[in-house]
Amino acid sequence: MPPFIISLTFFVVFLVTFQLFRIIRFIASKSVEVQTVLELMLHISVSFTPVAVPLALILAMIYTLNKLSEDSEIIAMRSFGVSKFKLFFPFLMIGIFIAIAIFSLNRNIVPRSNGEFRKGIIRLGSASMLRDIRSEKFFTQIPSIILFAEKVSNKGKELKNVFILSKNKNNSEGTERIIFASSGELIKQKPKELEFPVVKFHLKNGNIINLSRQKGKESDVEKIFFKEYNFPARPNRLSIHYVTKDGMRTTAELLDKMYKQKLKLRPGEFNRGLVKSELELWTRHNTPLQCIVFILLGFVFGVKKGRGSSRNVSSWALLTITLYYVLLFAGIAFARKGLIPSYVAVFLPTLLATILGIRSYRNLDWIN
């Protein structure tokens, strides 16, 4: 168990590192709470656990069986008539227990963690607007909008002497809106029916200049004075747009979605969305099987043939794992194009790995 826990921790941390770069850009320039970062790290760690567990199992098995072989413990057990199945049985029970746990995680907990991580990233993105606006500096993170304020206070919420340039271009035609205001306030509203806030500028005592350009015509200029004006700030990357992906659906929700998609299909019609849902579903069922198969492979790779014999176990194990995932990813790519069924793409590598493991187990020279 200690090698398994260490390996699992390593792989989870390794996989989380890639997602960490998405969070660092918020941490580096914004005052993000430590609790928020820890929650995001927890959710993404849970999401990567099913991926890391099979790899951790095979490494832990190879290390443990190699250690037992080098210390002549296996030779001692064989001399007392212990069969290879009796030695393998405790590891098999652990693998089955872990497989059941992974199956349970994949049904509800992992999808919800994926959803919470995505929501957290979007919340950080929407909150970053308040912290990026600085005094006497141009703010350009909103697409097609340039903002400048002579003085910014209250963590970016209160603005003095505001200038806003808003552009809307369409080929050779386009409109520009130039706004001057003596003061302004950045307001975030969170309607009950929406998950994410609506952001707008509440401007006071200023004027709006609208410039309209049309091809072959002179520009039209319109100037409007105002005492109060609400200017919406809804950039594309901060828009209230949340898509629930298949990885964020529980197994029951995923099955319900697939059932509705199949009802709309015509005979022989290819639906890419349905294929993605099927791949997600079969992958959730395949991961527990991976755990048991990788336990078997770790056993046959870890047990040395005899005292003094040597073989490059790490190379064989690495080659097997590499071929497994190459075949898996290639199959998924073919399935997304409709060339092979989704269940074949997911389960075929596991079936071949099982055949290899059983054959190697039978060929394991235990008596001599």
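Points worth noting:
- So LEU40, is it within 14 Å of the chain's Cα centre (by Cα), aliphatic (A, V, I, L, M), surrounded by 20 or more Cβ atoms within 10 Å (Cβ to Cβ) and modelled with pLDDT under 90: yes
- Set VAL34, VAL13: member being within 30 Å of ILE292 (Cβ to Cβ), modelled with pLDDT under 90 and surrounded by fewer than 17 Cβ atoms within 10 Å (Cβ to Cβ): VAL13
- Among the candidates PHE26, PHE4, the residue that is modelled with pLDDT under 75, surrounded by 17 or more Cβ atoms within 10 Å (Cβ to Cβ) and more than 20 Å from TYR325 (Cα to Cα) is uniquely PHE26.
- Residue list for segment 150-172, restricted to those being loosely packed, with under 13 Cβ neighbours inside 10 Å and modelled with pLDDT under 70: LYS155, LYS169, ASN170, ASN171, SER172
- Single residue of segment 336-368 satisfying the filter (in a loop (DSSP other than H, G, I, E, B) and within 30 Å of GLY81 (Cα to Cα)) that is modelled with the highest pLDDT: ASN363
- Search result, residues across segment 131-146 that are under 15 Å from LYS160 (Cα atoms), surrounded by fewer than 17 Cβ atoms within 10 Å (Cβ to Cβ) and at pLDDT below 80: ARG134
- With respect to the conditions (1) modelled with pLDDT under 65; (2) part of a strand (DSSP E or B), ASN210 lacks only one, and its number is (1).
- The C-beta contact set for segment 344-359 (first residue over 13 Å from GLY331 (Cα atoms), second residue among the aromatic types (Phe, Trp, Tyr) and in a helix (DSSP H, G or I), distance under 7 angstrom, 6+ apart or interchain) comprises ALA353/TYR324.
- Count of residues meeting criterion [surrounded by fewer than 18 Cβ atoms within 10 Å (Cβ to Cβ), modelled with pLDDT of 90 or more and touching a helix residue (DSSP H, G or I) at 6+ places or on another chain (Cβ under 7 Å)] in segment 64-94: 1
Listed here are the residues, each with its yes/no results for (1) part of a loop (DSSP other than H, G, I, E, B); (2) over 18 Å from ILE146 (Cα atoms); (3) at pLDDT 65 or above.
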| site | (1), (2), (3) |
| --- | --- |
| THR175 | no, no, yes |
| PHE180 | no, no, yes |
| GLY184 | no, no, yes |
| LYS188 | no, yes, yes |
| LEU194 | yes, yes, no |
| LYS215 | yes, yes, yes |
| LYS223 | no, yes, yes |
| LYS227 | no, yes, yes |
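- Yes/no for GLY302 being buried (at least 21 other Cβ atoms within 10 Å of the Cβ), assigned by TED's automatic domain parsing to the domain that holds ILE102 and not aromatic (Phe, Trp, Tyr): yes
The values are calculated or read from the model by the stated rules, or taken from the named source; none is laboratory data. Because the structure is predicted, anything quoted here is derived from the model rather than measured. Cβ coordinates were reconstructed from backbone atoms using ideal geometry, including for glycine residues, and neighbour counts include every protein chain displayed.
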